[in-house]
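Colleague: Below you will find the structure I want to go over with you.
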Amino acid sequence: MLSQLYIENVAIIEKCGLDFNSGFNVLTGETGAGKSILIDSIGAILGERTSRELIRTGASSAFVSAVFSNPGQQAMEKLRDLGYTADEEGNVLIQREINLTGRNACRINGRPATVSVLKEISPFLVNVHGQHESYQLLSPDLHIRYIDRMGELSPLVIQYQEAYRKMCRIRDELRDFDLDEEQKARRIDLLKYQIQELEEAELRLGEQEQLTEKRTLYRNSEKLAGQFQRVRALLDGEEDGGVLSALGEISAALAEAQRYLPSLGQLTERFQSIEYDLQDCSEELSQSADLLDYDPVELEEIETRLDSIYRLSLKYGQTTEDMLKYLESCREELENIELSEERLEQLNEAYEDAKAEAIRLAKLLSAQRKKTSTGFMENVKQELGFLNMPGVEFQVEQERCPLNHSGCDKIQFLLSTNPGEPAKPLAKIASGGELSRIMLAIKTVLAGKDEVDTLIFDEVDTGISGSAAQKVGLKLRQAAKGSQVICVTHLAQIAALAQNHLLIQKHQQKNRTFTEITPLDSEGRAKELARIMGGLPVTSLMLENAREMLKLAEETPSDFGG
């Protein structure tokens, strides 16, 4: 559910924050007050194309953010697939900034995102229906999802898709085997050469690091010998003695003094411990110095070996581990090619089995879709009749197509707005207002089964009035039961049936235009309904009619509507 929206420097809106509730929300206001800007701002959050013309005059950028509370399971799965998660409270915060250079900065819960990511997740968060949107109804690829949801076919769809993926996986493996004899021979020769070269190298994990360490030691042996000699001189001394000799004398002197001052015992032991530690250090130093004795031939062999490993790494992988993995993959590929006839026979058999299972499930799914489509058509036509579109013929066209991720069906919705005219795809027939009402009818039919719980209607009231408007309002209210509907309307009959009413107003200040969005209480709603019905000034009779309309709307149950 879209719970919060914040807009900054978008067209005539300087700063505006508003909260949406569940249920039926309406937005009203005079023409030009900014209703379309609000819809455009929501579109920006959903990844729709924007331009710098959207930025308020004098501002360097425009900013929009939206909070979606507890999105559905499919939305969360899609977010996880894209690398995002909800916050601790289960909310999703989407932000988008558009600057004058045309660049966009997008974030999802604080993590960077792209406009394409917003567009990819948006169908799982909100369905927007208005004159500027590429409606879901115009995309036949999505029609099949409505039928599957209507028939509650998700388990069967998942079962089919698993079988289809298995078939495709085996098919791809078969293609890898599909080499002609000349290609196969060339590949075998190359693999054998690479395997031989890597096997003869007798690579060992950690060898390169050990040899590199030895080479560094041998190359710097003279510098090391000089430092070792200096340290030994300081420890052992020559004529005057070194640190070890001095410590011995100190320890002896303290031992003698301890006879007369027993409290020196601990200090004496500490000096003796230091002397013993330094003696150990001296012995270790001697052992390290022994490492500097090497045969120049050994250094040459190390150089040769490292050079050989380096040349192999240029061809087979940066590290020894990479090269050994490559060797193993070459052995497996060679074995597969050499045993290709037997393996090919196994794969062909597995492919035929997987294909048969996928076809079986696709046909079963197709039959269920056909059965579902019949009831779906009748229910949608019934709802369209209630919405004052009785002459509209709504059909579900189901055609067989090659197996794909969705099955073996191509499904699209057809419409005929005039009796006697053949039904055609929605994109060629329906106007914006008709599409909104058709979607409203579909959402009513799918009530409780839809994965998206936020619907936004921008021009559902186009070309209607009177009783038709009231019916549309009733359906919007019904569709909002258990979900969220946000509707921009110019009709009092629709606005009166809402559970949350927001007023969009613009005013001028210091020769600049500003837009405000205000939640209305009961009296505020009455005044706004009166203005919609009769314009300004609002009379007492107009207010009385508006209050009566609100009272009747409150008494109307949310599940009323045909």
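The values are calculated or read from the model by the stated rules, or taken from the named source; none is laboratory data. Note that the coordinates shown come from a computational prediction; the quantities given were computed from them, not determined experimentally. Cβ atoms come from the backbone with ideal geometry, glycine included; neighbour counts cover every protein chain shown.
Colleague: Go through the range 95-104 residue by residue and tally those that are surrounded by fewer than 17 Cβ atoms within 10 Å (Cβ to Cβ) and within 15 Å of residue 56 (Cα to Cα).
Modeller: 4
Colleague: Does residue 532 qualify as being crowded, with 18+ Cβ neighbours inside 10 Å, in contact (Cβ under 8 Å) with a residue 24 or more places away in the chain and assigned to a loop (DSSP other than H, G, I, E, B)?
Modeller: Working: crowded, with 18+ Cβ neighbours inside 10 Å: yes; in contact (Cβ under 8 Å) with a residue 24 or more places away in the chain: yes; assigned to a loop (DSSP other than H, G, I, E, B): no.
For residue 532, the condition - crowded, with 18+ Cβ neighbours inside 10 Å, in contact (Cβ under 8 Å) with a residue 24 or more places away in the chain and assigned to a loop (DSSP other than H, G, I, E, B) - is not met.
Colleague: Taking the range 193-217, which residues are part of a helix (DSSP H, G or I) and of a type in the set (Gly, Ala, Ser)?
Modeller: Step one: of the range 193-217, the residues part of a helix (DSSP H, G or I) are 193-201, 207-217.
Within the range 193-217, 201 is the sole residue that qualifies.
Here's the yes/no breakdown for (1) at pLDDT 85 or above; (2) of a type outside the set (Gly, Ala, Ser); (3) surrounded by fewer than 22 Cβ atoms within 10 Å (Cβ to Cβ); (4) in contact with an Asp or Glu (Cβ under 6 Å, 6 or more places away or on another chain):
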position	(1), (2), (3), (4)
458	no, yes, no, no
467	no, no, yes, no
491	yes, yes, no, yes
502	yes, yes, no, no
523	yes, yes, yes, no
542	yes, yes, yes, no
558	no, no, yes, no
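Colleague: Among the numbered conditions (1) surrounded by 19 or more Cβ atoms within 10 Å (Cβ to Cβ); (2) assigned to a loop (DSSP other than H, G, I, E, B), tell me where residue 92 comes up short.
Modeller: (2)
One line per residue, one yes/no per condition, for (1) outside any loop (DSSP other than H, G, I, E, B); (2) within 23 Å of residue 530 (Cβ to Cβ); (3) free of Cβ contacts under 8 Å to residues at least 24 places away in the same chain; (4) within 35 Å of the chain's Cα centre (by Cα):
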| site | (1), (2), (3), (4) |
| --- | --- |
| 452 | no, no, no, yes |
| 455 | yes, no, no, yes |
| 487 | yes, yes, no, yes |
| 503 | yes, yes, no, yes |
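Colleague: A further question follows. Just wondering, is there one or more residues in the range 9-31 that are under 27 Å from residue 499 (Cβ atoms) and at pLDDT below 85? Can you show your working first?
Modeller: Filtering the range 9-31 down to residues under 27 Å from residue 499 (Cβ atoms) leaves 10, 13, 15-31.
Narrowing the set further to residues that are at pLDDT below 85 leaves 30-31.
Among the residues of the range 9-31, at least one is under 27 Å from residue 499 (Cβ atoms) and at pLDDT below 85, which makes the answer yes.
Colleague: Among 36, 41, which is the only one that is farther than 16 Å from residue 126 by Cβ, assigned to a helix (DSSP H, G or I) and more than 18 Å from the chain's Cα centre (by Cα)? Spell out how you get there, then give the answer.
Modeller: Values: 41 fails: farther than 16 Å from residue 126 by Cβ.
Going through 36, 41 in turn, just one is farther than 16 Å from residue 126 by Cβ, assigned to a helix (DSSP H, G or I) and more than 18 Å from the chain's Cα centre (by Cα): 36.
Colleague: Have a look at 383, 397, 434, 378 and point out the one that is in a helix (DSSP H, G or I), surrounded by fewer than 17 Cβ atoms within 10 Å (Cβ to Cβ) and acidic (Asp, Glu).
Modeller: Working: 383 fails: surrounded by fewer than 17 Cβ atoms within 10 Å (Cβ to Cβ); 397 fails: in a helix (DSSP H, G or I); 434 fails: surrounded by fewer than 17 Cβ atoms within 10 Å (Cβ to Cβ).
Only one candidate qualifies: 378.
Colleague: Between a residue in the range 403-428 that is in contact (Cβ under 8 Å) with a residue 12 or more places away in the chain and any residue that is of a type in the set (Lys, Arg) and loosely packed, with under 12 Cβ neighbours inside 10 Å, which pairs come within a Cβ distance under 9 Å, given they are 6 or more apart or on different chains?
Modeller: Close Cβ pairs satisfying both conditions: 408/400; 409/400; 410/400; 415/428.
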